[in-house]
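Asker: Please see the structure below; I have some questions.
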Amino acid sequence: MNILHTSFECYPLAKVGGLADVVGALPKFQHDFGFEVNVIMPFYNTPFITKAKYTVNDEGTIQLGDISYAYEIRELSSPDIGFNTYLVYIPHLLDRPEVYGHKDDIERFIAFQLVVLDWLNLKKGIPDIIHCHDHHTGLIPFLIANAYQFQNLKNIPTVFTIHNAQYQGQISYDKLHYLPDFDKNKIGLLDWDQQINPLAAAIKCAWRVTTVSPSYMEELQNSANGLEGLLRHEKAKCQGVLNGIDTKSWDTETDTMLIENYKISTVVSKRTTNKEWLCNEFNLDSSKPLFCFIGRLVYEKGADLLPDIVEESLQSNDINVLMLGSGNKEVEERLESLKDTFSGRYHMYTGYNERLSHIIYGGADFLLMPSRVEPCGLNQMYALRYGAIPIVRRTGGLKDTVVDIGDNGFGICHNQATVQDVCYSIRRGVALYSDQKKYREIQQEIMKIDHSWNRSANQYVNIYKSLITLT
């Protein structure tokens, strides 16, 4: 089976969020199963990509309205990635350091998708499956099925994964001319709420639609930023598949980013070195329980609650709090301002630091995830594997992966995204930490939980096989 994944992110080449982690791991495990797996993504001016070696595989030209763009398909020469990687190079359009946040992002998204399909038209061998990830690639299922110039691709089954339905990539109809000619009787497949909606188009046109956890698929039937009715209508072809994590990269015994490596049998004696490093680095007291947050400071993550959670919890409990993240500037400023008030007990690292995140997973006692929306969540899986007990809201993938200690489980869960609920959960964490025997037993148990990609990758392979039999 020949599988093509198409995405705007892929770790370690370019990462903004969890999408990159998924696209960097799922193809690797499918490749290990013996399939030919390829990933195609933009060529960015990121440190990893610009330092990498590559060969030019193909080149061509696409038309975006009145503008022609020459492109190259650059094949990455990095066998350690774990799968074949192709990069779409369009000078002055895709080759920028930042993945998103440009005024011409719509043009960038459409151009990338047109290049992918033009490249497939040029290739002698075409994939058995095209797996598209999020709205940046959501027009591909529509174009394969309906654009005249891609008619020889129309029998390729497409799978579309919704990583986050809050972001849909809406495009006004004054940019319809960017798309190649298609049967205008099918224009309704593009439309949602009087706009071109790539996410809606993908849900309508893909052969199968998946989300990144079963609970998130259920939640989308009632809350999908306006697409609830569409998802209910297309329910028969929708399936929730829980993401996994790359257990080869995230391994406490071999992780080179940790201060000290450890395993389940040495978690008590050696893991503390990572916590001590964090406390020394950020002027915290290593004898106190350490509660941490890692993530984007956005509404979906409950970030607006964090300043009040930090302030109330530090006033009421003898704990340390360490935050790593960036996003909403007002939230950043409020979190930064608390550093003086709670000096010696609190620190905020504004930005993102991959190595620091690994050390936090390997040194924190608890990880906070007060998310309003969490389609799957990978952070709680990293935390479990590294021996940090997650404190989560019961939503999406958090609901599927964390069971409360009160229900004979291993985490701390709450139902609402409120300051009161999270602070109460933190107090439960303090109580658990005071019982070191129970805390250490849970810590060792959670490190045994298998959230590898093996099961999930197999689920996707079964989906692919079921679609291929229809061609």
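Asker: Take the stretch 74-99 and flag every residue that is in a helix (DSSP H, G or I) and of a type in the set (Val, Ile, Thr). Show your work before the answer.
Answerer: As a first pass, look at the stretch 74-99 and keep what is in a helix (DSSP H, G or I): 79-81.
Across the stretch 74-99, the qualifying residue is only ILE81.
Asker: Condition (residue is in the same structural domain as ASN57 (by TED's automatic domain parsing), touching a Pro at 6+ places or on another chain (Cβ under 9 Å) and buried (at least 22 other Cβ atoms within 10 Å of the Cβ)) applied to the stretch 145-155: is it met by at least one residue? Don't jump to the end; show me each part of the working.
Answerer: Step one: list which residues in the stretch 145-155 are in the same structural domain as ASN57 (by TED's automatic domain parsing), which gives 145-155.
Narrowing the set further to residues that are touching a Pro at 6+ places or on another chain (Cβ under 9 Å) leaves 147-150.
Checking which are buried (at least 22 other Cβ atoms within 10 Å of the Cβ) leaves us with none.
No, there is no match, as no residue in the stretch 145-155 is in the same structural domain as ASN57 (by TED's automatic domain parsing), touching a Pro at 6+ places or on another chain (Cβ under 9 Å) and buried (at least 22 other Cβ atoms within 10 Å of the Cβ).
Asker: Within the stretch 314-348, work out how many residues are over 18 Å from SER286 (Cα atoms) and either in a loop (DSSP other than H, G, I, E, B) or of a type in the set (Phe, Trp, Tyr) (or both).
Answerer: The total comes to 1.
Asker: Right, something else. Could you list, in sequence order, all residues of the stretch 296-320 that are free of Cβ contacts under 8 Å to residues at least 60 places away in the same chain and either of a type in the set (Ser, Thr, Tyr) or touching a His at 6+ places or on another chain (Cβ under 8 Å) (or both)?
Answerer: none
Asker: Next up: Tell me whether the stretch 100-111 contains one or more residues that are in the same structural domain as TYR11 (by TED's automatic domain parsing), in a strand (DSSP E or B), more than 22 Å from HIS177 (Cα to Cα) and out of contact with any Ser or Thr (no Cβ under 8 Å at 6 or more places or on another chain). First the steps, then the outcome.
Answerer: Within the stretch 100-111, the subset in the same structural domain as TYR11 (by TED's automatic domain parsing) is 100-111.
Filter again for in a strand (DSSP E or B), leaving none.
No, because not a single residue in the stretch 100-111 is in the same structural domain as TYR11 (by TED's automatic domain parsing), in a strand (DSSP E or B), more than 22 Å from HIS177 (Cα to Cα) and out of contact with any Ser or Thr (no Cβ under 8 Å at 6 or more places or on another chain).
Asker: Which of the following residues is surrounded by fewer than 22 Cβ atoms within 10 Å (Cβ to Cβ), in contact with an Asp or Glu (Cβ under 9 Å, 6 or more places away or on another chain), over 23 Å from VAL16 (Cα atoms) and not aromatic (Phe, Trp, Tyr): SER343, SER286, SER326? Walk me through it before giving the result.
Answerer: Values: SER343 fails: in contact with an Asp or Glu (Cβ under 9 Å, 6 or more places away or on another chain); SER326 fails: over 23 Å from VAL16 (Cα atoms).
That would be SER286, the only listed residue that is surrounded by fewer than 22 Cβ atoms within 10 Å (Cβ to Cβ), in contact with an Asp or Glu (Cβ under 9 Å, 6 or more places away or on another chain), over 23 Å from VAL16 (Cα atoms) and not aromatic (Phe, Trp, Tyr).
Asker: Something else now. Is it the case that the stretch 156-174 has a residue that's among the hydrophobic types (A, V, I, L, M, F, W, C) and assigned to a loop (DSSP other than H, G, I, E, B)? Before the answer, list the steps.
Answerer: Residues of the stretch 156-174 among the hydrophobic types (A, V, I, L, M, F, W, C): 156, 159-160, 162, 165, 171.
Restricting the remaining residues to those that are assigned to a loop (DSSP other than H, G, I, E, B) gives 156, 165.
The answer is yes, given that some residue of the stretch 156-174 is among the hydrophobic types (A, V, I, L, M, F, W, C) and assigned to a loop (DSSP other than H, G, I, E, B).
Asker: Another question, then. Can you name the residue in the stretch 143-188 that is at pLDDT 95 or above and acidic (Asp, Glu) and, of all such residues, is farthest from ALA457 (Cα to Cα)?
Answerer: Restricting to residues being at pLDDT 95 or above and acidic (Asp, Glu), the top hit is ASP174.
Asker: Taking the condition of being closer than 20 Å to ILE156 by Cβ, surrounded by fewer than 23 Cβ atoms within 10 Å (Cβ to Cβ) and either touching a residue at least 60 places away in the same chain (Cβ under 8 Å) or in contact with a Gly (Cβ under 6 Å, 6 or more places away or on another chain) (or both), how many residues in the stretch 177-203 meet it?
Answerer: 2
Asker: Condition (residue is over 25 Å from ALA202 (Cα atoms), surrounded by fewer than 18 Cβ atoms within 10 Å (Cβ to Cβ) and in the same structural domain as LYS204 (by TED's automatic domain parsing)) applied to the stretch 121-140: is it met by at least one residue? Before you say what the answer is, go through the steps one by one.
Answerer: Quick first cut of the stretch 121-140, residues over 25 Å from ALA202 (Cα atoms) only: 124.
Filter again for surrounded by fewer than 18 Cβ atoms within 10 Å (Cβ to Cβ), leaving 124.
Those left that are additionally in the same structural domain as LYS204 (by TED's automatic domain parsing): 124.
Looking through the stretch 121-140, at least one residue is over 25 Å from ALA202 (Cα atoms), surrounded by fewer than 18 Cβ atoms within 10 Å (Cβ to Cβ) and in the same structural domain as LYS204 (by TED's automatic domain parsing).
Asker: Looking at ILE446, ILE412, which is the one that is hydrophobic (A, V, I, L, M, F, W, C) and farther than 24 Å from GLU218 by Cβ?
Answerer: On the way: ILE412 fails: farther than 24 Å from GLU218 by Cβ.
The conditions single out ILE446.
Asker: Also, I was wondering about something else. Please go through the stretch 451-465 and pick out each residue that is touching a residue at least 24 places away in the same chain (Cβ under 8 Å) and either outside any helix (DSSP H, G or I) or not basic (Lys, Arg) (or both).
Answerer: The first filter runs over the stretch 451-465 and keeps only residues touching a residue at least 24 places away in the same chain (Cβ under 8 Å), leaving 451-461, 463-465.
Passing the criteria: HIS451, SER452, TRP453, ASN454, SER456, ALA457, ASN458, GLN459, TYR460, VAL461, ILE463, TYR464.
Asker: Which of the residues belonging to the stretch 110-134 are modelled with pLDDT under 95, out of contact with any strand residue (DSSP E or B) (no Cβ under 6 Å at 6 or more places or on another chain) and among the aliphatic types (A, V, I, L, M)?
Answerer: Keep residues of the stretch 110-134 that are modelled with pLDDT under 95, which gives 121-126.
If we keep only those that are out of contact with any strand residue (DSSP E or B) (no Cβ under 6 Å at 6 or more places or on another chain) too, we end up with 121, 123-126.
Of everything in the stretch 110-134, just one residue is modelled with pLDDT under 95, out of contact with any strand residue (DSSP E or B) (no Cβ under 6 Å at 6 or more places or on another chain) and among the aliphatic types (A, V, I, L, M), namely ILE126.
Asker: Here is a further query. Check off (1) under 21 Å from HIS136 (Cβ atoms); (2) touching a Lys or Arg at 6+ places or on another chain (Cβ under 8 Å) for THR55 and give me the number that stays unchecked.
Answerer: Just one mismatch for THR55, condition (1).
Asker: For the stretch 256-293, which residues satisfy the criterion of being under 29 Å from the mean Cα position of the chain (by Cα), assigned to a loop (DSSP other than H, G, I, E, B) and hydrophobic (A, V, I, L, M, F, W, C)?
Answerer: Of everything in the stretch 256-293, those that are under 29 Å from the mean Cα position of the chain (by Cα), assigned to a loop (DSSP other than H, G, I, E, B) and hydrophobic (A, V, I, L, M, F, W, C) turn out to be MET257, LEU258, ILE259, PHE282.
Asker: Continuing with this model, one more query. Just the residues that are of a type outside the set (Val, Ile, Thr) and outside any helix (DSSP H, G or I), please, taken from the stretch 196-220. Quick ask: steps written out before the conclusion?
Answerer: Of the stretch 196-220, the ones of a type outside the set (Val, Ile, Thr) are 197-202, 204-208, 213-220.
ASN197, ALA206, TRP207, ARG208, SER213 - these are the residues of the stretch 196-220 that are of a type outside the set (Val, Ile, Thr) and outside any helix (DSSP H, G or I).
Asker: Something else now. Which count do you get for residues in the stretch 105-120 that are small (Gly, Ala, Ser) and buried (at least 24 other Cβ atoms within 10 Å of the Cβ)? Outline the logic, then answer.
Answerer: Step one: of the stretch 105-120, the residues small (Gly, Ala, Ser) are 111.
Next cut, buried (at least 24 other Cβ atoms within 10 Å of the Cβ) only: none.
Going through the stretch 105-120 one residue at a time, the tally reaches 0.
Asker: Determine the pairs where a residue that is within 18 Å of ASP134 (Cα to Cα), located within the stretch 10-38, has a partner that is of a type in the set (Lys, Arg) with Cβ atoms under 7 Å apart, the partner being 6 or more residues away or on another chain.
Answerer: Between residues of the stretch 10-38 that are within 18 Å of ASP134 (Cα to Cα) and residues that are of a type in the set (Lys, Arg), the close pairs are GLY17/ARG296.
Asker: Now for a separate question. Please verify whether ARG334 is touching a residue at least 60 places away in the same chain (Cβ under 8 Å) and over 21 Å from the mean Cα position of the chain (by Cα), treating the condition exactly as stated.
Answerer: For ARG334, the condition - touching a residue at least 60 places away in the same chain (Cβ under 8 Å) and over 21 Å from the mean Cα position of the chain (by Cα) - is not met.
Asker: Let me ask another. Going by what's in this entry, would ILE442 be described as part of a helix (DSSP H, G or I), among the β-branched types (Val, Ile, Thr) and either within 30 Å of SER316 (Cβ to Cβ) or at pLDDT below 95 (or both)? Full working, then the answer.
Answerer: Numbers: part of a helix (DSSP H, G or I): yes; among the β-branched types (Val, Ile, Thr): yes; either within 30 Å of SER316 (Cβ to Cβ) or at pLDDT below 95 (or both): yes.
So ILE442 fits the description; yes.
The values are calculated or read from the model by the stated rules, or taken from the named source; none is laboratory data. Everything quoted here is computed from the prediction, not taken from an experiment. All Cβ positions, even for glycine, are placed from backbone atoms using ideal geometry, and neighbour counts span all protein chains on display.
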